[in-house]
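These notes are about the structure you will find just below.
The values are calculated or read from the model by the stated rules, or taken from the named source; none is laboratory data. Owing to the predicted nature of the structure, the values given are computational and were not obtained by experimental measurement. So basically every Cβ, Gly included, is an ideal-geometry build from the backbone, and we count neighbours across all protein chains shown.
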Amino acid sequence: MSTLFVNNLNTASGSTITIPSGKTLKATDTPIVGAGNVIQVLQVENPTSVVGTSSTSFTATGHTISITPKYSSSKILVTLTGGQITYSSTDKLRVRLYRKIGAGGYSDLTGDIERISLNSTYDFGHSASYLDSPSTTSTVIYQPYYRSANGNTIYYDYNQVDTNAMLTVMEIAQ
């Protein structure tokens, strides 16, 4: 086997470099990165099975996920899914996604993600996605905050709902 050493590849003509069928381009120690490629995926389940409040002020859920982007130009796709239950037909679960970079403080990224209950005890899943551009290779922490719209007891995650709250982050190369 031979080893070819080059600093750049270029085409003799046209704009396409082709890998023949049946052959594979394989990186041995770092990923081959192209725009739109997923670099890393992390997921964490809510550590608490019951997270409820009647507060009308945003409260941290305790559910966090951290990612250290490999490239400062990457985007981070954050997906939040969870179970919710409320005991009021008129109340709404309001959720916001907050971000913290390095040793900095948390900042609001999304504004409200709103859900409404339609009968006296109604449970359902909630989900939302947010595409973030943190422009850093420092650790980024994402955490949902939640509140009751009308002051009734409402749950961000509840152990009797089939879906536990999950946070997923994907680093996407640009």
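Computed quantities for the displayed model
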| read-out | value |
| --- | --- |
| Pairs, first among the acidic types (Asp, Glu) in the range 58-74, second modelled with pLDDT of 95 or more, C-beta under 8 Å, six or more apart | none |
| Residue in the range 25-34 that is of a type outside the set (D, E, K, R), loosely packed, with under 10 Cβ neighbours inside 10 Å, in contact (Cβ under 8 Å) with a residue 24 or more places away in the chain and assigned to a loop (DSSP other than H, G, I, E, B) present | yes |
| The range 58-76 - residue that is small (Gly, Ala, Ser) and assigned to a loop (DSSP other than H, G, I, E, B) and, of those, surrounded by the most Cβ atoms within 10 Å (Cβ to Cβ) | SER74 |
| Matching residues, the range 149-167, being crowded, with 16+ Cβ neighbours inside 10 Å and at pLDDT 85 or above | MET166, LEU167 |
| Qualifying residue in the range 46-57 (condition: in contact (Cβ under 8 Å) with a residue 60 or more places away in the chain, in a loop (DSSP other than H, G, I, E, B) and within 19 Å of VAL169 (Cα to Cα)) | yes |
| Identity of the residue in the range 79-98, surrounded by fewer than 20 Cβ atoms within 10 Å (Cβ to Cβ) and in a strand (DSSP E or B), that ends up modelled with the lowest pLDDT | LYS92 |
| When residues of the range 1-45 are limited to those that are more than 22 Å from GLN174 (Cα to Cα) and in contact with a Leu (Cβ under 7 Å, 6 or more places away or on another chain), the one modelled with the highest pLDDT | VAL44 |
